[in-house]
Amino acid sequence: MDFRSAEAEARYDAVVERAAGLVVGLDFDGTLAPIVEDPTEATILPGTGELLVELAESVAALAVITGRPARQVLALGGLEEVGTAVGEHGRVLHVLGQYGNERWSSVERRIVSPQPPRGLSTFELRLPGLLRRHDAAEAYVEDKGLAVGIHTRRLADPRAAFDRLLEPVRSLAGELGLQVEPGRLVIEVRAPGTDKGAAVRRLVDQVGAEAFCFVGDDLGDVAAFEAVHALREEGAVAGLLVCAGSPEEPALRDLADVVVDGPEGVQDFLRRLAADTGVRTG
Ligand SMILES: O=P(O)(O)OC[C@H]1O[C@H](O[C@H]2O[C@H](CO)[C@@H](O)[C@H](O)[C@H]2O)[C@H](O)[C@@H](O)[C@@H]1O
């Protein structure tokens, strides 16, 4: 585990000190689940669910905050079972899907979701033509209900295809009042109006959090990093930012207090946090 400065180490100590009021927010793909070629085959790294349950004993709440649909991440992460075990410790697991557009908790156990955004069905109708015109007809299109993900990972030159598509997708999405969310070899088109930063702020209010630790790996997590950073500057919470590092996406490294090596490194971090907060509250 690599603290980026002495100040970062002090921030770790501050969130551990406030463990009873700490919310730990985690991204899914690239953070809890290793990146794989086929998005339908991603699964939480074995052992991480158990670590989350252990950590729940000594913190206020856990939250998985993801671009995925809530229903999908509950299945891929085995999070219904994790939520049940977290509940046995008297704690809550929150799952915020589609960048905070969908909400599930281990207490209510139902997904609250808005209607698909206006313009999304038109976008989907026009997308195949756009992909053909930009030599990316074989891109994998993920229909997420409230959003569409255009994946280039399985194309011959994934980065070049991503770069070719980004501006035309941005332009069509803008025409239809939709928001573009670039990620790791994926361009997502979704409803505007919320992001992972808003989801973090809502959780802080809802839980009455005194500390917030967020762990993420990708561009969609920048808003959450910025929210924790701002809340920390305002003195509202103690905050810690952890980057699940990868050679593919360096954007979060410079914003983070701690850089770990992908989902395996996240496991090591959670193990240490569970041990340190356990000592504190046990
Ligand atoms: O916010 P996240 O939990 O990180 O979700 C972001 C998007 O992740 C998924 O795509 C990424 O993971 C795939 C599986 O490893 C990989 O094939 C793809 O290249 C990555 O971009 C997911 O498919 C999207 O729906 C999520 O929004």
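GLY265 falls short of the stated requirement of being assigned to a loop (DSSP other than H, G, I, E, B) and at pLDDT 95 or above.
Return yes or no: is LEU219 over 19 Å from HIS94 (Cβ atoms), in contact with a Pro (Cβ under 8 Å, 6 or more places away or on another chain) and of a type outside the set (Gly, Ala, Ser)? Don't jump to the end; show me each part of the working.
Values: over 19 Å from HIS94 (Cβ atoms): yes; in contact with a Pro (Cβ under 8 Å, 6 or more places away or on another chain): yes; of a type outside the set (Gly, Ala, Ser): yes.
So LEU219 passes the test.
So, in the range 1-46, how many residues would count as being exposed (fewer than 13 other Cβ atoms within 10 Å of the Cβ) and under 19 Å from the mean Cα position of the chain (by Cα)? Within the range 1-46, residues that are exposed (fewer than 13 other Cβ atoms within 10 Å of the Cβ) and under 19 Å from the mean Cα position of the chain (by Cα) number 6.
Of all the numbered requirements in (1) within 15 Å of the ligand (Cβ to nearest atom); (2) farther than 16 Å from ARG11 by Cα; (3) open to solvent by less than 40 Å² (accessible area, probe 1.4 Å), VAL204 misses one, and that requirement is (1). Taken over the range 57-90, the criterion of being touching a strand residue (DSSP E or B) at 6+ places or on another chain (Cβ under 6 Å) and farther than 27 Å from GLU41 by Cβ is satisfied by VAL59, ALA60, ALA61.
Rundown of residues vs (1) in contact with an Asp or Glu (Cβ under 6 Å, 6 or more places away or on another chain); (2) away from the ligand (no atom under 16 Å from the Cβ); (3) closer than 29 Å to GLN206 by Cα, yes/no style:
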| position | (1), (2), (3) |
| --- | --- |
| ILE111 | yes, no, yes |
| GLN115 | no, yes, yes |
| ARG126 | no, yes, no |
| LEU130 | no, yes, no |
| TYR140 | no, no, no |
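Taking the range 125-138 as the range and being in contact with a helix residue (DSSP H, G or I) (Cβ under 9 Å, 6 or more places away or on another chain) and either more than 10 Å from LEU165 (Cα to Cα) or open to solvent by 60 Å² or more (accessible area, probe 1.4 Å) (or both) as the test, the residues that pass are ARG126, LEU127, ARG133, ASP135, ALA137, GLU138.
With a requirement of 3 or more residues that are within 16 Å of the ligand (Cβ to nearest atom), the helices (runs of 4 or more DSSP H) lying completely within the range 1-76 that satisfy it span 48-56, 70-76.
Condition (residue is of a type outside the set (A, V, I, L, M), modelled with pLDDT of 95 or more and in a helix (DSSP H, G or I)) applied to the range 174-185: is it met by at least one residue? Don't jump to the end; show me each part of the working.
Taking the range 174-185 as the starting set, the residues that turn out to be of a type outside the set (A, V, I, L, M) are 174-175, 177, 179, 181-184.
Retained after the next criterion (residues that are modelled with pLDDT of 95 or more): 174-175, 177, 179, 181-184.
Now restrict to residues that are in a helix (DSSP H, G or I): 174-175.
There is at least one residue in the range 174-185 that is of a type outside the set (A, V, I, L, M), modelled with pLDDT of 95 or more and in a helix (DSSP H, G or I).
For the range 78-103, filtered to residues that are crowded, with 23+ Cβ neighbours inside 10 Å, touching a Gly at 6+ places or on another chain (Cβ under 7 Å) and without any contact (Cβ under 8 Å) to a residue 60 or more places away in the chain, the residue that is farthest from VAL23 (Cα to Cα) is VAL82.
Given the criterion among the charged types (D, E, K, R), in a helix (DSSP H, G or I) and farther than 30 Å from LEU270 by Cα, identify the matching residue among ASP135, ASP205, ASP163, ASP221. It is ASP163.
Going by what's in this entry, would GLY90 be described as in a loop (DSSP other than H, G, I, E, B) and either under 18 Å from VAL200 (Cβ atoms) or acidic (Asp, Glu) (or both)? Full working, then the answer.
Numbers: in a loop (DSSP other than H, G, I, E, B): yes; either under 18 Å from VAL200 (Cβ atoms) or acidic (Asp, Glu) (or both): no.
The answer is no for GLY90.
If you go through the range 148-180 and keep only what is more than 17 Å from LEU131 (Cα to Cα) and buried (at least 22 other Cβ atoms within 10 Å of the Cβ), you end up with just LEU178. Among the residues of the range 230-270, those identified as more than 19 Å from the chain's Cα centre (by Cα) and among the charged types (D, E, K, R) are ARG232, GLU233, GLU234. Of all residues in the range 246-282, those satisfying the criterion of being open to solvent by 20 Å² or more (accessible area, probe 1.4 Å) and either touching a His at 6+ places or on another chain (Cβ under 6 Å) or among the polar types (S, T, N, Q) (or both) are GLN267, THR281.
The values are calculated or read from the model by the stated rules, or taken from the named source; none is laboratory data. As the structure is a prediction and not an experimental result, all values here were calculated from the model. Don't worry about glycine lacking a Cβ; one is built from the backbone with ideal geometry, like all the others, and counts go over all protein chains shown. Side chains included, ligands, DNA and RNA excluded: accessible areas come from the protein's heavy atoms. Shrake-Rupley method; radii C 1.70, N 1.55, O 1.52, S 1.80 Å.
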